[in-house]
Structures are given as structure tokens and as C-alpha cells.
1. How many residues does region 102-156 hold that are in contact (Cβ under 8 Å) with a residue 60 or more places away in the chain, charged (D, E, K, R) and assigned to a helix (DSSP H, G or I)?
2. So, in region 157-206, how many residues would count as being among the aliphatic types (A, V, I, L, M), farther than 23 Å from GLY248 by Cα, more than 9 Å from the ligand (Cβ to nearest atom) and not in a helix (DSSP H, G or I)?
3. What single numbered condition from (1) small (Gly, Ala, Ser); (2) closer than 26 Å to GLN164 by Cβ; (3) in a helix (DSSP H, G or I) fails to hold for GLY88?
4. Tally time: how many residues in region 215-253 are surrounded by 16 or more Cβ atoms within 10 Å (Cβ to Cβ) and polar (S, T, N, Q)?
5. Of all residues in region 176-199 being without any contact (Cβ under 8 Å) to a residue 24 or more places away in the chain and not aliphatic (A, V, I, L, M), which is surrounded by the fewest Cβ atoms within 10 Å (Cβ to Cβ)?
6. Return a yes/no flag: does region 28-45 have any residue that is within 16 Å of the ligand (Cβ to nearest atom), farther than 18 Å from PHE148 by Cα, crowded, with 18+ Cβ neighbours inside 10 Å and under 21 Å from the mean Cα position of the chain (by Cα).
Amino acid sequence: MKKAKGDPRLPAVRVIRNIAGMRRQVAAWRKAGERIGFVPTMGFLHEGHATLLREARKGADRVVLSIFVNPTQFGPNEDFEKYPRDDGRDSAIAAAEGVDAIFYPRAKDMYPTETLTRVHVAGLSEGLCGAHRPGHFDGVALVVAKLFNIVQPDRAWFGEKDFQQLAVIRRMVEDLNFPVEIIGVPTVREKDGLAMSSRNVYLGKAERKQALAISKTLKSAQAEVRKRGKDLQALAARLRKTLDESPGVRLEYLEIVDPATLRPADRLDGRAQLIAAARVGSTRLIDNAPLERSR
Ligand code: AMP
């Protein structure tokens, strides 16, 4: 990440809170022939988000970052209220990464009345995280559809860290003909392998170490498959056991799936993705990695 905190040389980034104001700004850029890049986030930015912003900077004339902790994607007993926030730091990072505008809407403007419309991407939304967070992907699809209609980007960047989310959004864009190109960005990790996440701040010191079991399991599976290929479902069963027995880790699910359909993959004749969610203490962590046999 470029120097961010309180760097006096950086110009302040324009923060737009109002939906009409965001539309006016985008219309002006578009009139000047500029292409709009978009990175939607829930804020509390880290190097994963910064990487998305850097890719957007390279791939568009103007970059809009949205920061919105979207209430409709949180379940009733989830961490909506305590989701971490740091506006000052976020805008410093945005400035350092050359963001042109931060769209920072208020919940009452995004959801002024009860939303009766549902955006449900059937088939891709129900399994994996969807089975443990009912309604989560409907909330994600709804807010991303709304944000696309407000920001009207030519291109939008999403992290592969949220693999199922990326699949849901790609399919929504295809099914509903949104005129936006979706670009996936590989997961950015801490030096020791832990996938970066805003929720990592919830982890205590001991939990932070225990959480490493997740990325280590993914890595060892990648190495194993690369060497020998495998009966993927037998491998998944073994990995499930290893990870679930790892101290401090409560496995929610671990699956090896076809990356397009998210259905269980049996053989490595195409591509396969290992995807897992687990709780460490009260923190829910997700991670995934591609499995490929070396040729
Ligand atoms: P969030 O603020 O967690 O909703 O994430 C906003 C965007 O950043 C999503 O497209 C995420 O997939 C992406 N993202 C989050 N963590 C990472 C990471 N470690 N590497 C790459 N992208 C990430």
C-alpha cells in the first residue's frame, strides 16, 4: 500500500454522499468521453482493497470507490453493528491510490422505503456460504445492482477472496444485461498466508495463529493435487477432518467445486476450486484456492 495515513501531500478525495450527486458526477465524466471504473466495498480498507483500486486505476479513466456497510446482506445475529469503520484512514488510502470519488451513501438514502424487489441468483446463492448465511447473497446482489445503476460503471473490480460472491455477481450481470465488465482479482494475503479481510481485526493474538490453519490447508491441498491429481471428493473429506480437528477452528464447510457452477467437482479434468469457511473464536473467515494438476 502506498503511504496513506495523514500524508499532507495527498489531495483530499471528493466524497459524494448523495445519489443524485453521484449520477451528476458520472454524467460529467462520461460527457468528457471518460470510462468509469468502480470498486464497491464495505470500507475499513486493507491491501486487498488497495489492489482492486490499483487495478481499476490502470483499467479506467475515473475510479469510484464505494463504501457502504450494506444492512441487507447481514443476518439478524451477524456483525452489522460492530463491523469495523475508519473513515479517515479509508479516505487517506483512497487518495494514495488515486481514487477520483468516494461514494459513501447513507442507508436511509439507499433504502428509503422497504425494498420489495428481490435479486436472487438461483443455484449459485444457496450452497456454501449461502447455506450458512440465508439471504446473504440476495442482499449482495440487490446492493450491487443498485450501485451499478447509480454509478453506471464501464468496469467493476471484485476480489476472488469472496469467490461465491464473484460468481453470483457475474451471473447477475449476464442474466440482467448490465453493461459492465466484471474483473476478478486474486486474493491478497498477509505474509504468512492469511487472506486479508476487514474482519481479521476481530481476531485475538492466539486466534490469529489458529486461523492460519485455513490457508495452510488450502496450500497443502494445492501441492498434493499438483503432484498426484486426486479423487477430489475423497481429498475434500480428508481436508474437512484435518481442518475441523485443528485447534480453535470450527469448520462451517469445505468443498471442492466447479468454479463456474459451484457444484461439487469430481475429477480434475477441468478446473476446480477448493473453498472453505470456518469460525475461529467468534470470527467467521472464508478462503479459497484453485486446484490444478501440473502438466
Ligand atoms: P468488502 O469490503 O470485504 O466487502 O470487500 C470489497 C471488495 O474487496 C470485494 O470485491 C472483496 O472480494 C475484495 N476483497 C476483500 N478482501 C480481499 C483480499 N484479501 N484480496 C482481494 N480482494 C479482496
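1. Matching residues across region 102-156 total 2.
2. Within region 157-206, residues that are among the aliphatic types (A, V, I, L, M), farther than 23 Å from GLY248 by Cα, more than 9 Å from the ligand (Cβ to nearest atom) and not in a helix (DSSP H, G or I) number 3.
3. It fails just one condition, (2).
4. Residues meeting the conditions: 4.
5. Looking at the filtered set, the residue picked out is LYS191.
6. yes
Residues are listed down the side, and each one gets a yes or a no for (1) acidic (Asp, Glu); (2) in contact with a helix residue (DSSP H, G or I) (Cβ under 6 Å, 6 or more places away or on another chain):
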| site | (1), (2) |
| --- | --- |
| VAL140 | no, yes |
| PHE148 | no, no |
| GLN152 | no, yes |
| TRP157 | no, yes |
| ASP162 | yes, no |
| GLN165 | no, yes |
| ILE169 | no, yes |
| ASP175 | yes, no |
| ILE182 | no, yes |
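No lab work stands behind these numbers, since they all come straight from the coordinates. Treat the numbers as computed from the prediction; the structure is a model and nothing was measured. Note that we place each Cβ from the backbone using ideal geometry, even for glycine, and neighbour counts take in every protein chain shown.
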